[in-house]
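Bear in mind that the values in this text are calculations on the coordinates, not laboratory data. Owing to the predicted nature of the structure, the values given are computational and were not obtained by experimental measurement.
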Amino acid sequence: MLTVLAGSLLLPVLLVGVVFLIIGLNRGSEPGPYTVIFAKAGDECGTQGQYLDASTGKPLQCMGPGGFRTASLEFPGFSREQNDDVRRWLTTLAEDGDLSVFDHRSIQAKIDGIAAGLPPGTRVEPESGETKLWIGAALTGAGLLLGSGFAWRWYRNRRTGF
């Protein structure tokens, strides 16, 4: 009876472990709080990052998970002067009416430079998937260990005829 109960846990433990591993591995691919995403009106947006119009640099209103979202160009931990500096830089680059890929990179580099200079405890770090990776690895390992135990027991019983 105990063997049947433990065996019925094998597949759910493995599946949950794999799901946690996948989530943990994909967590690092999300944009962070200091990421600027240049998009077009009508594009979908995520929950992280600042979405700006690719040609004008103005904050976009977009639909994404959780509904309607508007970018504000307010970065966590930045002072009013630092946020104003980013806005001025964006306005200067957009004066010719179009932002190039070089302009996009320049804006992101400016934001990254300010964020790197923030004092410890002020800078908001993006979530890492490390905890989910550890949980997934532990559950997957436990499932594989449990499965190998069942396979060994099945093989032994088959050889002895029980």
Excluding residues fewer than 8 places away in the same chain, name every one of the lysines whose C-alpha is closer than 17 Å to that of Lys40. Lys58
If amide H atoms are modeled at 1.01 Å from N in the peptide plane, then the residues at a separation of 5 or more from Val36, or on another chain, having amide H under 5 Å from its own are Gln50
Once you have the Cα-Cα distance between Glu81 and Leu145, take 0.36 nm times their residue separation minus that, and quote the gain in nm to one decimal. 17.4 nm
Extension length gain for Arg156 and Thr92 (0.36 nm per residue less Cα distance), in nm, is 15.5 nm
